[in-house]
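The structure appears below as C-alpha coordinates.
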(Lines give C-alpha, C1' and ligand atoms only; values in the text may rest on other atoms or scores of the structure.)
Protein backbone atom coordinates (compact mmCIF):
# COMPACT_ATOMS: atom_id res chain seq x y z
CA UNK A 1 0.00 0.00 0.00
CA UNK A 2 1.31 3.36 -0.91
CA UNK A 3 1.24 6.15 1.51
CA UNK A 4 1.30 9.74 0.56
CA UNK A 5 3.69 12.20 2.09
CA UNK A 6 3.15 12.84 5.79
CA UNK A 7 1.55 16.17 6.38
CA UNK A 8 3.63 18.45 8.55
CA UNK A 9 1.48 20.68 10.72
CA UNK A 10 2.01 24.37 10.27
CA UNK A 11 4.23 26.03 12.91
CA UNK A 12 2.48 28.20 15.45
CA UNK A 13 2.40 31.78 14.26
CA UNK A 14 5.07 33.98 15.86
CA UNK A 15 3.78 36.32 18.62
CA UNK A 16 3.97 39.91 17.60
CA UNK A 17 5.45 42.23 20.17
CA UNK A 18 3.05 44.47 21.95
CA UNK A 19 4.66 47.59 20.57
CA UNK A 20 2.25 49.92 22.27
CA UNK A 21 2.98 48.53 25.75
CA UNK A 22 6.75 48.56 25.18
CA UNK A 23 6.68 52.14 24.03
CA UNK A 24 4.61 53.20 27.01
CA UNK A 25 7.05 51.59 29.47
CA UNK A 26 10.00 53.12 27.66
CA UNK A 27 8.53 56.60 27.75
CA UNK A 28 7.66 56.22 31.44
CA UNK A 29 11.23 55.20 32.26
CA UNK A 30 12.61 58.24 30.42
CA UNK A 31 10.20 60.54 32.22
CA UNK A 32 11.22 59.12 35.64
CA UNK A 33 14.87 59.51 34.79
CA UNK A 34 14.36 63.13 33.76
CA UNK A 35 12.46 63.88 36.97
CA UNK A 36 15.25 62.31 39.01
CA UNK A 37 17.89 64.36 37.22
CA UNK A 38 15.97 67.57 37.83
CA UNK A 39 15.45 66.73 41.51
CA UNK A 40 19.13 65.91 42.03
CA UNK A 41 20.53 68.77 39.97
CA UNK A 42 22.95 71.07 41.82
CA UNK A 43 21.21 73.99 43.48
CA UNK A 44 17.82 72.30 43.41
CA UNK A 45 16.68 71.92 47.01
CA UNK A 46 13.32 71.50 48.60
CA UNK A 47 12.43 74.71 50.43
CA UNK A 48 11.64 74.10 54.11
CA UNK A 49 8.94 75.93 55.95
CA UNK A 50 9.28 77.48 59.39
CA UNK A 51 12.46 79.19 60.62
CA UNK A 52 15.59 77.94 58.81
CA UNK A 53 19.05 78.94 60.09
CA UNK A 54 22.32 79.12 58.17
CA UNK A 55 25.72 80.65 58.97
CA UNK A 56 28.16 82.20 56.53
CA UNK A 57 30.99 80.02 57.95
CA UNK A 58 31.40 77.12 60.38
CA UNK A 59 34.59 78.44 62.04
CA UNK A 60 36.76 81.50 62.62
CA UNK A 61 40.56 81.43 62.88
CA UNK A 62 41.94 84.50 64.66
CA UNK A 63 45.55 83.69 63.75
CA UNK A 64 48.23 84.36 66.40
CA UNK A 65 47.69 86.53 69.48
CA UNK A 66 49.82 87.51 72.40
CA UNK A 67 48.32 86.66 75.76
CA UNK A 68 46.26 89.65 76.89
CA UNK A 69 45.56 90.85 73.34
CA UNK A 70 42.06 91.06 71.88
CA UNK A 71 40.89 90.52 68.32
CA UNK A 72 37.52 90.88 66.62
CA UNK A 73 35.65 89.22 63.77
CA UNK A 74 32.14 88.57 62.57
CA UNK A 75 29.97 86.03 60.79
CA UNK A 76 26.53 86.32 59.24
CA UNK A 77 23.42 84.41 60.29
CA UNK A 78 20.55 84.08 57.81
CA UNK A 79 16.92 83.05 58.07
CA UNK A 80 16.06 81.19 54.85
CA UNK A 81 12.70 80.03 56.19
CA UNK A 82 9.13 81.29 56.26
CA UNK A 83 8.78 82.15 59.97
CA UNK A 84 10.68 84.35 62.44
CA UNK A 85 14.04 82.89 63.57
CA UNK A 86 15.02 83.33 67.23
CA UNK A 87 18.73 83.15 68.16
CA UNK A 88 20.53 82.56 71.49
CA UNK A 89 24.34 82.66 71.75
CA UNK A 90 26.33 80.56 74.27
CA UNK A 91 30.13 81.10 74.32
CA UNK A 92 32.00 78.35 76.21
CA UNK A 93 34.45 80.65 78.02
CA UNK A 94 34.80 84.20 79.33
CA UNK A 95 37.53 84.82 76.75
CA UNK A 96 35.00 84.64 73.89
CA UNK A 97 32.26 87.24 73.50
CA UNK A 98 29.47 87.15 70.91
CA UNK A 99 26.62 89.59 70.40
CA UNK A 100 23.92 90.55 67.90
CA UNK A 101 21.92 93.74 67.43
CA UNK A 102 18.73 91.68 67.80
CA UNK A 103 17.99 88.04 68.47
CA UNK A 104 15.07 87.76 66.04
CA UNK A 105 15.32 87.54 62.24
CA UNK A 106 12.41 87.90 59.84
CA UNK A 107 12.14 85.47 56.89
CA UNK A 108 14.86 86.26 54.38
CA UNK A 109 16.75 88.51 56.80
CA UNK A 110 20.51 88.33 57.50
CA UNK A 111 22.38 89.85 60.44
CA UNK A 112 26.01 89.86 61.67
CA UNK A 113 27.23 88.14 64.84
CA UNK A 114 30.07 90.21 66.31
CA UNK A 115 32.90 88.17 67.86
CA UNK A 116 35.65 89.22 70.28
CA UNK A 117 38.39 86.89 71.51
CA UNK A 118 40.82 87.56 74.35
CA UNK A 119 44.06 85.56 74.37
CA UNK A 120 43.81 84.17 77.89
CA UNK A 121 46.07 81.12 78.04
CA UNK A 122 49.24 80.27 76.11
CA UNK A 123 48.38 77.50 73.64
CA UNK A 124 49.74 76.40 70.28
CA UNK A 125 46.22 75.40 69.28
CA UNK A 126 43.51 77.24 71.16
CA UNK A 127 40.00 76.00 70.39
CA UNK A 128 36.79 77.47 71.76
CA UNK A 129 33.16 76.92 70.80
CA UNK A 130 30.24 79.28 70.31
CA UNK A 131 26.90 77.49 70.44
CA UNK A 132 24.28 79.15 68.24
CA UNK A 133 20.87 77.93 69.39
CA UNK A 134 17.66 78.69 67.51
CA UNK A 135 14.06 77.62 67.00
CA UNK A 136 14.96 75.86 63.75
CA UNK A 137 13.24 72.50 64.20
CA UNK A 138 15.78 70.63 62.05
CA UNK A 139 19.02 72.32 63.24
CA UNK A 140 18.34 73.64 66.76
CA UNK A 141 22.05 74.05 67.63
CA UNK A 142 25.16 74.89 65.61
CA UNK A 143 28.63 74.49 67.18
CA UNK A 144 30.74 77.31 65.73
CA UNK A 145 34.50 76.84 66.29
CA UNK A 146 37.00 79.58 67.14
CA UNK A 147 40.65 78.58 66.70
CA UNK A 148 44.10 80.12 66.73
CA UNK A 149 47.40 80.35 68.59
CA UNK A 150 48.16 82.28 71.79
CA UNK A 151 51.80 83.06 72.59
CA UNK A 152 53.43 84.64 75.64
CA UNK A 153 52.59 88.30 76.10
CA UNK A 154 53.95 91.19 78.09
CA UNK A 155 53.43 91.53 81.83
CA UNK A 156 52.81 89.05 84.64
CA UNK A 157 50.97 85.78 84.03
CA UNK A 158 49.37 83.93 86.94
CA UNK A 159 49.27 80.13 86.74
CA UNK A 160 47.51 78.17 89.49
CA UNK A 161 49.28 74.82 89.60
CA UNK A 162 46.74 73.26 91.96
CA UNK A 163 43.55 74.07 90.04
CA UNK A 164 41.20 72.72 91.24
CA UNK A 165 42.47 72.35 94.79
CA UNK A 166 41.78 68.81 96.01
CA UNK A 167 41.06 67.78 99.59
CA UNK A 168 41.87 64.09 99.89
CA UNK A 169 40.78 62.27 103.08
CA UNK A 170 43.55 59.74 102.48
CA UNK A 171 46.21 62.46 102.46
CA UNK A 172 48.06 62.61 105.82
CA UNK A 173 47.67 66.42 105.81
CA UNK A 174 43.87 66.29 105.43
CA UNK A 175 41.78 68.49 105.95
CA UNK A 176 44.56 70.72 104.62
CA UNK A 177 45.87 71.13 101.07
CA UNK A 178 48.55 73.32 99.56
CA UNK A 179 47.70 76.10 97.13
CA UNK A 180 50.56 76.65 94.64
CA UNK A 181 50.95 79.66 92.35
CA UNK A 182 53.48 80.42 89.63
CA UNK A 183 54.29 83.39 87.40
CA UNK A 184 54.92 82.59 83.71
CA UNK A 185 55.15 86.24 82.65
CA UNK A 186 58.15 88.45 81.92
CA UNK A 187 57.42 90.84 84.80
CA UNK A 188 56.93 90.38 88.54
CA UNK A 189 53.52 89.15 89.63
CA UNK A 190 52.06 90.91 92.65
CA UNK A 191 49.81 88.64 94.72
CA UNK A 192 47.57 91.21 96.38
CA UNK A 193 45.06 89.08 98.27
CA UNK A 194 43.86 85.50 98.74
CA UNK A 195 40.24 85.14 99.86
CA UNK A 196 38.75 81.84 101.02
CA UNK A 197 35.11 80.75 101.07
CA UNK A 198 34.49 77.66 103.15
CA UNK A 199 38.18 77.52 104.09
CA UNK A 200 40.99 79.40 105.79
CA UNK A 201 44.50 80.32 104.62
CA UNK A 202 47.49 79.98 106.96
CA UNK A 203 50.34 82.51 107.09
CA UNK A 204 49.11 84.65 104.20
CA UNK A 205 50.75 87.95 103.31
CA UNK A 206 51.19 89.86 100.00
CA UNK A 207 54.11 88.61 97.93
CA UNK A 208 55.87 89.38 94.63
CA UNK A 209 56.82 86.52 92.28
CA UNK A 210 59.52 86.82 89.64
CA UNK A 211 58.67 85.25 86.30
CA UNK A 212 61.35 83.73 84.07
CA UNK A 213 58.66 82.60 81.61
CA UNK A 214 59.27 78.90 82.19
CA UNK A 215 57.82 76.50 84.73
CA UNK A 216 61.18 74.72 85.06
CA UNK A 217 63.19 76.26 87.88
CA UNK A 218 60.68 79.08 88.40
CA UNK A 219 59.75 80.25 91.90
CA UNK A 220 56.53 78.76 93.20
CA UNK A 221 54.55 80.39 95.98
CA UNK A 222 52.36 78.25 98.19
CA UNK A 223 50.18 78.42 101.28
CA UNK A 224 48.14 75.96 103.31
CA UNK A 225 44.39 75.92 102.91
CA UNK A 226 42.19 74.28 105.55
CA UNK A 227 38.51 73.54 105.06
CA UNK A 228 35.92 74.89 107.51
CA UNK A 229 33.92 72.07 109.06
CA UNK A 230 30.16 72.39 108.76
CA UNK A 231 30.29 74.56 105.64
CA UNK A 232 27.23 73.63 103.56
CA UNK A 233 27.94 75.51 100.34
CA UNK A 234 30.55 75.33 97.61
CA UNK A 235 34.15 76.04 98.64
CA UNK A 236 36.43 78.18 96.55
CA UNK A 237 39.38 80.59 96.64
CA UNK A 238 39.74 84.00 94.98
CA UNK A 239 43.27 85.13 94.14
CA UNK A 240 43.71 88.83 93.42
CA UNK A 241 46.84 89.80 91.46
CA UNK A 242 48.03 92.34 88.91
CA UNK A 243 47.67 89.81 86.07
CA UNK A 244 46.14 91.93 83.24
CA UNK A 245 44.01 89.04 81.96
CA UNK A 246 42.69 87.59 85.22
CA UNK A 247 42.99 90.20 87.99
CA UNK A 248 40.82 87.92 90.12
CA UNK A 249 41.25 84.18 89.59
CA UNK A 250 38.69 81.79 91.06
CA UNK A 251 39.88 78.31 92.08
CA UNK A 252 37.41 75.57 93.01
CA UNK A 253 37.99 73.37 96.08
CA UNK A 254 36.91 69.76 95.63
CA UNK A 255 36.76 67.10 98.31
CA UNK A 256 37.42 63.59 97.05
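The values are calculated or read from the model by the stated rules, or taken from the named source; none is laboratory data. Source: prediction; values computed, not measured. No Cβ is skipped: glycine too gets one built from the backbone with ideal geometry, and neighbour counts run over all protein chains shown.
Among the listed residues 154, 168, 202, which satisfies the condition of being surrounded by fewer than 16 Cβ atoms within 10 Å (Cβ to Cβ), in contact (Cβ under 8 Å) with a residue 24 or more places away in the chain and within 30 Å of residue 72 (Cα to Cα)? Please lay out each step first, then the result.
Values: 168 fails: within 30 Å of residue 72 (Cα to Cα); 202 fails: within 30 Å of residue 72 (Cα to Cα).
Just one listed residue meets the conditions, 154.
What strands (runs of 3 or more DSSP E), lying completely within the stretch 135-246, carry at least 3 residues that are closer than 30 Å to residue 61 by Cα? Give the steps one after another, and end with the answer.
Working: elements: 141-151, 158-160, 165-167, 176-183, 189-197, 199-201, 207-209, 220-227, 236-241.
Fully inside the stretch 135-246 and qualifying: 141-151, 158-160.
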The correct count of residues that are exposed (fewer than 14 other Cβ atoms within 10 Å of the Cβ) and within 13 Å of residue 250 (Cα to Cα) in the stretch 171-194 is 1
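Answer with yes or no whether residue 81 is surrounded by 15 or more Cβ atoms within 10 Å (Cβ to Cβ) and under 30 Å from residue 185 (Cβ atoms).
no
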Against the condition in contact (Cβ under 8 Å) with a residue 60 or more places away in the chain and in the same structural domain as residue 236 (by TED's automatic domain parsing), how does residue 163 come out, does it pass?
yes
How many of the residues making up the stretch 247-256 are modelled with pLDDT of 90 or more and not in a strand (DSSP E or B)?
1
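Residues are listed down the side, and each one gets a yes or a no for (1) assigned by TED's automatic domain parsing to the domain that holds residue 82; (2) surrounded by fewer than 15 Cβ atoms within 10 Å (Cβ to Cβ); (3) modelled with pLDDT of 95 or more:
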| residue | (1), (2), (3) |
| --- | --- |
| 116 | yes, no, yes |
| 119 | yes, no, no |
| 124 | yes, yes, no |
| 135 | yes, no, yes |
| 146 | yes, no, yes |
